[in-house]
Amino acid sequence: MCKRYQEMKEYSVKVAVVQATPVLFNRDATVEKACQLIREAASKGVELAEQADVMCRGGSAIISPLGEVIAAPLYDEEGILCAELDMGEIVRSKVDFDVVGHYARPDVFQLLVNKQPNPPVKNRE
């Protein structure tokens with residue numbers, strides 16, 4: 001096992017992401033913190049690669065509870081999507097998926113509630 005790990009380690013590519021936790025209400029300190037992490041990585045021989053400026057083009061949309069597109073996705077621009085909504089669709093959409101009716105599968109699904117207090121972390125052997 002150790003030998004195989006050593007072989008894999010020799011051929012592996014190491015990737016790291018520099019992410020600085022923002023210093024609240026201090027943009028300059030946040031930028032300086034990120035730059036410091038980058039300089040530190042570069043001083044250790046890490047090759048740095050840039051990412052694109054835009055990681056997500058947007059794509060906000062308004063979709064009805066029944067799945068109808070009311071306002072198409074808005075990409076590559078700032079904007080506000082507005083639409084008139086029929087709140088009755090919420091009730092009508094629930095007819096399509098009756099979780100306690102004939103679609104329910106008690107032979108497959110079961111809800112169990114553990115009322116005993118438990119520690120937030122447990123070790124499993």
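Rule-based calculations on the coordinates, nothing more; no lab input. A quick note: this is a predicted structure, and the numbers were derived from the prediction, not measured. Cβ placement follows ideal geometry from the backbone for every residue including glycine, while neighbour counts extend to all protein chains displayed.
Multiplying the residue separation of Q110 and A61 by 0.36 nm and subtracting their alpha-carbon distance yields 14.2 nm.
Packing order of peptides 67-79, 30-42, 111-123, highest average first: 30-42, 67-79, 111-123 (average count of other Cβ atoms within 10 Å over each peptide's residues).
First select every other residue whose beta carbon is under 14 angstrom from the beta carbon of G59; then total the charges, Lys and Arg +1, Asp and Glu -1.
-2
Modelled label positions at V121 and Q36, each set 7 Å beyond Cα in the direction of Cβ, lie 2.6 nm from each other.
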